[in-house]
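See structure below.
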Amino acid sequence: MKVIFTCLLSVIGITALAQNKGKVTVTKDPKIDTIIAKRLALSKKDVNPTIKPNGPVVSQMGYRVQIYYGSDRRAVFKEQAHFAALYPTLMTYISYKEPNYYLRAGDFRTRMEAQKLMSELRSNYATLFIIREKINAPNLEYSNDD
């Protein structure tokens, strides 16, 4: 009797816990559709990220000439001002990696361009190095002549 009662309770328990077939309803925010539409519109635009007619080009790997390094912050800024007076068209960049400050100049696409500047600076600066790092590449000169 106990065996029959246990089997009967097992069958009733299984049927009670069985899932019923039904329908699934999906509710979503209507803003999701607008976001998807905007994303599709942006992906269809023909954009070349390396050429911008009005502004700097996206960062890329290139070369800079390291002019000065030292642990004194004031000396680095003094060298930057001195270099800017001699070469006002070249951009200078100061970076800090403990314990030294580094002063680097230029945004060159090729090592040859950096080498040319380095040979010009050789008379004014004793220690010069060419460093490969991310640069802010200058605008490409192009025309839309067809």
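So the values come out like this:
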{"item": "By average C-beta atoms within 10 angstrom, highest first, the peptides 106-117, 86-97", "result": "106-117, 86-97"}
{"item": "Neighbourhood charge, 14 Å Cβ-Cβ cut-off, centred on Pro99 and excluding it, Lys, Arg +1 and Asp, Glu -1", "result": "0"}
{"item": "Efficiency of FRET between Arg74 and Met112 - r from beta-carbon atoms, R0 35 angstrom, step 0.05", "result": "0.55"}
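Bear in mind these aren't lab numbers, they're just calculated from the coordinates by the rules spelled out. This structure is a prediction, so every number in the text was calculated from the model and none was measured. Because the Cβ atoms are built from the backbone with ideal geometry, glycine has one as well, and the counts that use them run over all protein chains shown.
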